Amino acid sequence: MSNYNIQLVKQKLIKSSKEKRSQFNITKKGNKMIEISDVEIIYNQFLERGIDAKRIGIIGLNGERLTTIKSPTTNDLFNYFDDDYLDGKSSEVKEKLSEFFHIQFIIY
């Protein structure tokens, strides 16, 4: 993860489940845009650390708005471009929705 600036911005104990909820803000070094391939690399590194895919939510800030990349309830396959939301969109729109100023990983 040396190509990225990773900052833990919030950590909260969920009383009902006794689990921690952690939120990380991630930017790419050199003020570069984070591409969806970067998101997949970071996501896989969280999985390698033993975090269950169903506990990971990912949100990206693109040029338009915050976009959900992966909700914590989805399975562990990382198929952002297979999402119904992107089906039928032009390649220009898909590109716009696949580059981010920063991303947030929320671990539930």
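Before moving on, here are some points about what is shown:
- Summing charges over all other residues whose Cβ lies under 11 Å from the Cβ of residue 22, with Lys and Arg as +1 and Asp and Glu as -1, gives +4.
- Alpha-carbon radius of gyration plus Dmax, which is the widest Cα pair, for segment 4-107 in Å: 14.0, 44
- Computed over the chain, relative contact order equals 34 percent, with contacts defined as Cα pairs under 8 Å that lie 6+ residues apart.
- GNM result for the chain, Cα springs below 10 Å: residue of 96, 32, 12 fluctuating most strongly: 12
- Value at 222 nm in deg cm²/dmol, rounded to 500, when DSSP H runs of n ≥ 4 in the chain each add -39,500 (n - 2.57): -5000 deg cm²/dmol
- Against the main long axis of the alpha-carbon atoms of the chain, helix 36-48 sits at an angle near 20°.
No lab work stands behind these numbers, since they all come straight from the coordinates. What you see is a predicted model; the values in this text were computed from it and never measured. Cβ atoms come from the backbone with ideal geometry, glycine included; neighbour counts cover every protein chain shown.
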